[in-house]
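Student: Okay, handing you the structure first.
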Amino acid sequence: MEKEKNFRQNNPAVTIKDVCHFYRKQMALDHISMAIPTGLQTGLIGPDGVGKSTLLSLITGARKIQNGSIEVLHGNIADAAFRREVCPRIAYMPQGLGKNLYFTLTVEENLQFFARLFGNSKEERRRRIDDLTRSTGLYPFLDRPAGKLSGGMKQKLGLCCALIHDPDLLVLDEPTTGVDPLARRQFWDLINRIRSDHPLLTVIVATAYMDEAQHFDHLFAMDDGRVLAEGSPAELMKKTGTTVLDEAFIQLLPESKKAGHRTITVPPLPPPDGSPPAIQAEGLTKKFGSFTAVDHVDFQIQQGEIFGFLGSNGCGKTTTMRMLTGLLPPTSGQSFLFGEKMTGLDIQARRKLGYMTQSFSLYDELTLRQNLQLCARLCMMEERQIPERVREVLHFFHLEEVADTYPESLPMGIRQRLSLAAAVIHRPRILILDEPTSGVDPVARDNFWELLIALSRQDKVTIFITTHFMNEALRCDRISLMHAGRSLACGTAPELIRAQKANTLEEAFIRYLEKAAPDEAIPEKDHADTPPAPPPNGKRKPFSFMRWYSCFLRENLELLRDPIRLVLAVFGALILLLVIGYGANMDVDDLSFAVLDRDRSAESSNYINNLAGSRYFIEQKPIRDYFDLDRRMRDGKVNMVLEFPPGFGKKLQRGESPAISVWLDGAMPSRARTIQGYITGMHSTWLREKQQENPAASPRPPADVEIRYRYNPDIQSLPAMVPAEIPILLMVIPAILAALSVVREKELGSITNLYVTPLTRTEFLLGKQIPYLLFAFASSLLLLLEAYWLFDITVKGSLAALLTAMGLYCICSTGLGLLFSSLTKSQIAVLFLAIIGTIIPTVQFCGLTQPVQSLTGAGKFIGTIYPASPMLIICRGVLNKSLTFAQLHTPFLELILMAAVIVVLGILLQKKQAS
Amino acid sequence: MDWKQKIKNIFFLGIKELRTLGRDGVLLGTVVYVFSLGLYFTATAGSDGITHAVIAVVDEDHSQLSNRIKDAFLPPMFHLMPEISLAEVDPGMDEGAYTFVLVIPHDFEKDVLAGKSPVLQLNVDATRMSQAFTGSGYIQQIIQREIAGFINRAPEENKQLVSIIQRNRFNPNLSETWFKAVMDIVSNITLLAIILTGSALLRERERGTLEHLLVMPVTPFEIMASKLWSMALVVLLAAAFSVSVMLREVLQIPVEGSLALFLAGVLLHLFAAASLGMVLATVAQSMPQIGILLILILLPMQILSGGTTPQESMPEGIRILMQFAPTTHFVQFSQAILFRGAGLSAVWLAFLKLFLLGCGLFFIAWKRFQRSAT
């Protein structure tokens, strides 16, 4: 025994030496050194924001080490090569409700995705998924999309995903936050089972539940980025002279932090005074399709009461709360606040409400103080009271130090406190709190309860709260137990305990659940006959087909789950081709012109009639004078004005060569130039006719110019425009889709999977790119068909050449999207960037209206390096000029080169670690 | 509820939007780029008109006259390539290396002097619509002028029966830079207004912050109005900057009309475009969806607005449909005010239409948003 302990101490799984970490100027870790023994379950305990999560993310290599060194499983985690090698041996579950999950994918698909990343075979995957989901109670929900799971169930799924392979090091960051007691018990059973199968497995857990930490082998108590104490739970309790770990933890804290902390007592609730109940629900029911989330729930809560809502994950607690706040209209039944029926648009009722959602729903872009100020203002507090009130609340929730930082950089516990602060800032009459204390450390939790009790007893604020902490449930005046949408029992805690003949509330709770649903509540424990898992594929390949395939499959599924996006993307391109093809006609006709005829002779009217008879021009009513001319041109009423000078007819007859003034509206130069072309042509026709009347005056020209309009002899717009549109459409939509697909993961959090799994950037990005590439290629085929059917544009040259070019070009466009995605983590920014970065170059600089050679300056440079230029040449070459590969060497070479550069650059610029 | 509180809510929610925007460096950077450098690049890159048109000459004559003609193709209008042989014509045109190829036959000069009226062949790449048509006209004129000069005919002999004096109003040299710069600003304003407002609204839902807002005494109307004013402010500032600094100072374009009138119109346009963005945000369920919707709406709206090709020449149906697109009216009054110096009397109808469109779109967005919020 002693020998084994020595071995473990001498061969630590993780050795941390002198590690410091800063977020901007704030120190998160302060010269930390620790050795985490192999094969044990080690806990990190401590208040929120003391650096536990930072430390865990450094250990797993998800975050870059700034100072000091960390050795994990006998290698330096800062070394990229070692990190790649050791990655499959580490499993990491980051904090937050299902942050690393894909919400449109089902439970099964999420698990399959992670299992493939670790190279498990098909049978192995099946076995593990069934095993894990059975032991966590997720088995009946395998087909449900992860986004439709309740908060606690997401958490369980996150756990299953972390446990899907056999790691040597399991790192769990507050794994049971928001998980109900029964599932928590099942969860730790599962961990213990895995540990007994795998004696060398090292588990590191950060937790806020002291009753869980009680069962760990080794604990580190942390505060302010430093380690306060280390040892087994028994040692820590002995050291502090306490009998419960909760108290030991509080004792370990420095004086300043535990100041004012005392055991909480709840004064009795005064008897009802006959006023209407604060909250009343009558037969409240909510159905989502065939699924009944809440099934005829009734309760009455009197003013000033603290009403606890307990239940397993996914039993309808949040849905009930949403109906009470008016966010969700009930399918049937009704609810009343202070005797008045709650409707969705009742502003006055909302003023009295304070609501805290389960997941963080304040603004990451505002500082804590700004968030609170905004809430106070929106809740109609008087402006002059706000600064004082914000200060008060910040002080109360111990948020002063972080008041001017942004929530995104803060740990969950502190974000929870901020949400709470926001819910109470306007002193509401009713507080509806959805798991307000999940992930909050014990001291802060007790502080918070003191506030709740004070609010309830002194200010008669009614509190409706859900929680998974039994000691908190005990403090409630009454508790309602919910399961599968129904209320199982309602009463005071002692009543419920008595009714089940239990010793503790937790026991009573579990018994109620087991009675309500005997099959679900008992986890299957038939693991004895499952063979021990084979070791994970030890050798790590730089590119794994399996991992790539996993990404590819997942992206495909996400695309298919969103048929609207798919249909829009495919048909969007077709519609655009049609609209632009017909609409953006370069042929200009129906031009309006007017005449300022100061001669009014037969000659001038002859000239005018010649013009007005053509299909290009429409004559407007004559111009009276220069003032009229100026006004009508300014107003854009006429595009052209012909001015005949006085004596025009006479001069013409005398052969004095009179001049007609042509006024053009130059506001749109291309139109002016077209008019100029028309008028020149018509003028010379007119002259020729005049000359034929009088042949003596017409000398033979010294030379003639014969013009051959090649490739498009009728100089029509359509044959020239449609081939040019294809490169635009194939660029814009695929690039936007690809860019958003990555940035979306960054914004919603699932990018963590890239940081902490063996997935490489190449696999990740190619897995993203190929679905969009296939989609883009398919839409290019459709575009060709459409061009043929609707515009009669046939492939005159080599079809093979065109298809090859389209394939290469789609690589470029999707690759550009991925390249844009490496620049930002905000979806709005990348959307804007992708639109600007594709439309402008393709339309302006790549030869659509003007050949690249004719451009100057930066435009020419962009046109030269942008893939749309060679693509346009190939498109026009094949579609208009009947060319094949042989004549298109240069653009093909350019396209290949550009595709390669874009893809490689996209991979290199994407980050594999969070900074 | 008293409207003082309403205004307060709208104000503070708008401030929040501005702060959010201020924190997004990449987005801000792109906005600044688009209205400054991007504008400069687009405006100065070249034009639909004839500048740097690539012309090659096959000279089989090598005479004084043929050299004189060649020397007449001067930059910036033309870019004369080194001489090529007859065999190089087809490959070169196939690859798109030349837009025009002029073939001068053997004994051209001799035949001209002998009065045999020989024929020059001009090959034009007609897939390049914009240059093909006008360019070949210029080339013909240049050739005739040079030949006339060569054979030294007295100007009287060459005199036409009637001549034309062309006067271009508002843009004497028909400079494309002027036009492109203004149209670029116009399309950037539209793009930005729709994207910023639409995605800002959608993001609230995607991030879950909308739920929190709606439990507070805040109405959907206030949320929408707050996005409207904050985004309009940002875009308006950008527009004012690009007209007064970029157009007037950097690109030296003599903007004729009143900046204030233009900005008033921009404000109306922003109202309509941003409302359109919000309608899209209530239709789309996620950012990728709104991304595609944006393209689907934006591209035709921009291309058919009359900013690239005149609306007169579009089919009747499209013209009627485009009356419902804010960009049509925006382009119309922008050209009127900035180029033609038109006053309110000329643009009031466009203003009114924009305002009505904006009201309609805002109403649709409001109704849809309200329905989805409860």
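Read-outs: derived from the displayed coordinates by stated rules, not from any lab. Since we're looking at a predicted model, the values are computed, not measured. Counting neighbours? That spans all protein chains shown, and the Cβs are built from the backbone with ideal geometry, glycine included.
Student: Using the count of nearby Cβ atoms within 10 Å as a rough guide to exposure, how do A:79, A:166 rank from fewest to most? Walk me through the numbers on the way to the answer.
Tutor: Working: A:79 12, A:166 21.
Placing the least packed residue first, the sequence is A:79, A:166.
Student: So for the protein assembly as shown, what are the equivalent ellipsoid semi-axes in whole Å, largest first, each being the square root of 5 times an eigenvalue of the Cα gyration tensor? Intermediate values should be presented prior to the final figure.
Tutor: Details: eigenvalues 1040, 255, 114 Å².
In descending order the semi-axes read 72, 36, 24 Å.
Student: With r defined as the distance between the Cβ atoms of residue A:84 and residue A:142 and R0 fixed at 30 Å, what FRET efficiency is calculated, to the nearest 0.05?
Tutor: 0.40
Student: Give me the one-decimal nm value for the distance between modelled label points at residue B:323 and residue A:656, 7 Å along each residue's Cα-to-Cβ direction.
Tutor: Simple spin-label model gives 4.9 nm for this pair.
Student: Another question about this same structure. In Å³ and rounded to a whole number, note down the convex hull volume per residue for the Cα atoms of segment A:312-406. Numbers along the way, then the final one.
Tutor: On the way: hull volume 13.8 nm³, N = 95.
Roughly 146 Å³ of hull volume per residue.
Student: Where Lys and Arg each count +1 and Asp and Glu each count -1, what net charge lies around residue A:304 among other residues with Cβ under 15 Å from its Cβ?
Tutor: Working: positive: A:352, A:427, A:429, A:457, A:460, A:475, A:478; negative: A:273, A:305, A:459, A:477.
Residues near residue A:304 contribute +3 overall.
Student: Compute the relative contact order of chain B as a whole-number percentage, counting only Cα pairs closer than 8 Å that sit 6 or more residues apart in sequence.
Tutor: 18 percent
Student: Separate question: On each of the three principal axes of the Cα atoms of segment A:718-820, give max minus min coordinate, whole Å, ordered largest first.
Tutor: 52, 23, 18
Student: While we're looking at this one, here's another question. Once you sort the root eigenvalues of the Cα gyration tensor of segment A:591-693 as a ≥ b ≥ c, which label holds: rounded (a/c under 1.5), prolate (a/b larger than b/c) or oblate (the other case)? Intermediate results must be reported in sequence, preceding the final value.
Tutor: On the way: a/c = 2.03, a/b = 1.35, b/c = 1.50.
Oblate shape, in that a/c is at least 1.5 and b/c is the bigger or equal ratio.
Student: Ranking A:395, B:329, A:426 by Cβ neighbours within 10 Å, fewest first, what do you get?
Tutor: On the way: A:395 11, B:329 27, A:426 22.
Starting with the residue having the fewest Cβ neighbours, the order is A:395, A:426, B:329.
Student: Compute the whole-percent fraction of alpha carbon pairs in chain B spaced more than 28 Å apart. Before the final figure, lay out each step's value.
Tutor: Numbers: 40090 of 69751 pairs.
For chain B, the share of Cα pairs beyond 28 Å comes to 57 percent.
Student: In which sequence would A:898, A:470 go, from the one with the fewest C-beta neighbours within 10 Å to the one with the most? All intermediate terms of the calculation are to be shown ahead of the outcome.
Tutor: Details: A:898 23, A:470 17.
Least crowded to most crowded, the residues run A:470, A:898.
Student: Here is a further query. In square nanometres, what is one fourth of the surface area of the convex hull spanned by the alpha carbons of segment A:804-915?
Tutor: On the way: hull surface 31.5 nm².
That works out to 7.9 nm², a quarter of the Cα hull's surface.
Student: Still on this structure, I have one more. Applying 1/(1 + (r/R0)^6) with R0 = 25 Å to the Cβ-Cβ distance of residue A:691 and residue A:605, what FRET efficiency is obtained, to the nearest 0.05? Let's see the in-between values first.
Tutor: Working: r = 20 Å, r/R0 = 0.79.
Efficiency computed from Cβ-Cβ geometry: 0.80.
Student: I've got another one for you. Give me the percent of DSSP beta bridges within segment B:53-150 that run antiparallel, rounded to the nearest 5.
Tutor: Values: 4 of 12 bridges.
Once the DSSP bridges in segment B:53-150 are tallied, antiparallel ones form about 35 percent.
Student: Counting Lys +1, Arg +1, Asp -1, Glu -1, what net charge surrounds residue A:883 among other residues with beta carbon under 14 Å of its beta carbon? The partial results should precede the final answer.
Tutor: Working: positive: A:710, A:796, A:876, A:881; negative: B:90, B:94, B:95, B:125.
Net local charge, residue A:883 excluded: 0.
Student: Ok, one more. Among DSSP beta bridges lying fully in segment A:2-258, give the percent that are antiparallel, nearest 5.
Tutor: Roughly 55 percent of the DSSP beta bridges within segment A:2-258 come out antiparallel.
Student: Specify the inter-centroid distance of segment A:304-346 and segment B:177-231, based on alpha-carbon positions, in whole Å.
Tutor: 32 Å
Student: When Lys and Arg each count +1 and Asp and Glu each count -1, what net charge do the other residues less than 14 Å away from residue A:318, Cβ to Cβ, add up to? Kindly include the intermediate steps, with their values, before the conclusion.
Tutor: Details: positive: A:148, A:154, A:286, A:317, A:322; negative: A:180, A:434, A:435, B:211.
Here the charged neighbours net out to +1.
Student: Let me ask something else. Report the extension gain between residue A:896 and residue A:704 in nm, rounded to one decimal, defined as 0.36 nm multiplied by the number of residues separating them, less their alpha carbon distance. Walk me through the numbers before you get to the answer.
Tutor: Numbers: separation 192, 0.36 × 192 = 69.12 nm, distance 4.45 nm.
My answer for the length gained is 64.7 nm.
Student: Next question. Take the alpha carbon gyration tensor of segment A:97-240, find the square roots of its eigenvalues, order them as a ≥ b ≥ c, and report rounded if a/c is under 1.5; if not, report prolate when a/b exceeds b/c, else oblate. Can you show the working numbers first?
Tutor: On the way: a/c = 2.21, a/b = 1.76, b/c = 1.26.
It is prolate, given that a/c is not under 1.5 and a/b is the larger ratio.
Student: If segment A:1-147 were replaced by its equivalent ellipsoid, with semi-axes equal to the square roots of 5 times the Cα gyration tensor eigenvalues, what would those be, largest first, whole Å? Don't jump to the answer; show the numbers that get you there.
Tutor: Numbers: eigenvalues 198, 84, 48 Å².
So the three semi-axes of segment A:1-147 are 31, 20, 16 Å.
Student: Which entries of A:99/A:825; B:4/B:367; A:154/B:6 have Cα-Cα distances beyond 26 Å here?
Tutor: On the way: A:99/A:825 15 Å; B:4/B:367 23 Å; A:154/B:6 38 Å.
Beyond 26 Å between Cα atoms: A:154/B:6.
Student: Where in segment A:64-88 does the label zone of residue A:22 land, with the point 7 angstrom along Cα→C-beta and an amide N cut-off under 20 Å?
Tutor: A:64-70
Student: For Cα pairs less than 8 Å apart in space and 6+ apart in sequence, what is the mean separation divided by the residue count of segment B:53-150, i.e. the relative contact order in percent?
Tutor: Numbers: 129 pairs, mean separation 33.2, N = 98.
Taking the mean separation of contacting Cα pairs over the length of segment B:53-150, I get 34 percent.
Student: Work out, in µm²/s and without decimals, the Stokes-Einstein translational diffusion coefficient of segment B:258-355 at 4 °C, 1.567 mPa s, Rh from Kirkwood over C-alpha pairs. Let's see the in-between values first.
Tutor: On the way: Rh = 14.2 Å.
Once the numbers are plugged in, D ends up at 91 µm²/s.
Student: Would you kindly compute the Cα radius of gyration of segment A:2-258 and its largest Cα-Cα separation (Dmax), both in Å?
Tutor: Over segment A:2-258's Cα set, Rg and Dmax evaluate to 18.2, 56 Å.
Student: Work from the charge dipole of chain A (Cβ charges, +1 for Lys and Arg, -1 for Asp and Glu, about the Cα centre) and give the residue of A:267, A:330, A:14 farthest towards its positive end.
Tutor: A:14
Student: Find which of B:55, B:141, B:131 sits farthest along the positive direction of the dipole of segment B:53-150, computed with +1 on the beta-carbon of Lys and Arg, -1 on that of Asp and Glu, about the Cα centre.
Tutor: Most positive-ward Cα: B:141.
Student: Let me ask another. Output the relative contact order of chain A, whole-number percent, from Cα pairs under 8 angstrom with separation of 6+ residues. If you can, show how the numbers build up before the last one.
Tutor: Numbers: 1534 pairs, mean separation 101.0, N = 915.
In percent, rounded to a whole number, it is 11.
Student: Translational diffusion coefficient of segment B:53-150 at 10 °C, 1.306 mPa s, Stokes-Einstein with Kirkwood Rh over Cα pairs, in µm²/s as a whole number. Walk me through the intermediate numbers first.
Tutor: Working: Rh = 13.6 Å.
Estimated via Stokes-Einstein, D reaches 117 µm²/s.
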